[in-house]
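Visitor: Please see the structure below; I have some questions.
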Amino acid sequence: MNGSLTRAATIAVSITVMGAAMASSLVLPNAQSLAGQWQLTDRQQQCRVEFLAGEQQGVNGYQLWDREHCLKTRFAAEVVGWRPAPDGIALLQADGSTWVFFSREGAVYTGAGLTLQAL
């Protein structure tokens, strides 16, 4: 019984340490590090949007500039802002909810059949 208890305790400690190490490896980027021109691409089209570091009132995120109005043509809801996450970037609706989430995959972000890449 002591051997089983010792093994169970060792496993529990190992899982806790691994979980803490994994959690600490995901860092929330600040808005300034992601601000700038981004290219949004699907299989047929590409367009540019700009992530601004200024806070967007009421959405708990940051301002987004869609000069080409490409987000309106791709999404049914109006996208008004963005928010960084440790593992990606969220595009936000007027009520602050996430409309689409782009998961980070190296230097690009993917979501909803689209690719988002900094220029």
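Bear in mind these aren't lab numbers, they're just calculated from the coordinates by the rules spelled out. None of the values given here were measured: they were computed from a predicted structure. Using ideal geometry, Cβ is built from the backbone for each residue, glycine included, and neighbour counts are taken over all protein chains shown.
Visitor: How far, in nm, would the chain grow between residue 103 and residue 48 when pulled straight, counting 0.36 nm per residue and subtracting the alpha carbon separation? Intermediate results must be reported in sequence, preceding the final value.
Guide: Details: separation 55, 0.36 × 55 = 19.80 nm, distance 1.83 nm.
That pair, residue 103 and residue 48, stretches by 18.0 nm at full extension.
Visitor: Further, regarding this structure: Neighbour counts of other C-beta atoms within 10 Å: give me 28, 92 arranged from fewest to most. The partial results should precede the final answer.
Guide: Numbers: 28 9, 92 24.
Ordered by Cβ neighbours within 10 Å, fewest first: 28, 92.
Visitor: While we're here: Through the Karplus equation 6.51 cos²θ - 1.76 cosθ + 1.60, θ set to phi - 60°, convert the phi angles of the stretch 84-90 into ³J(HN,Hα) values in whole Hz; use x for Gly and Pro.
Guide: Along the stretch 84-90, the couplings run x, 9, x, 10, x, 9, 9 Hz.
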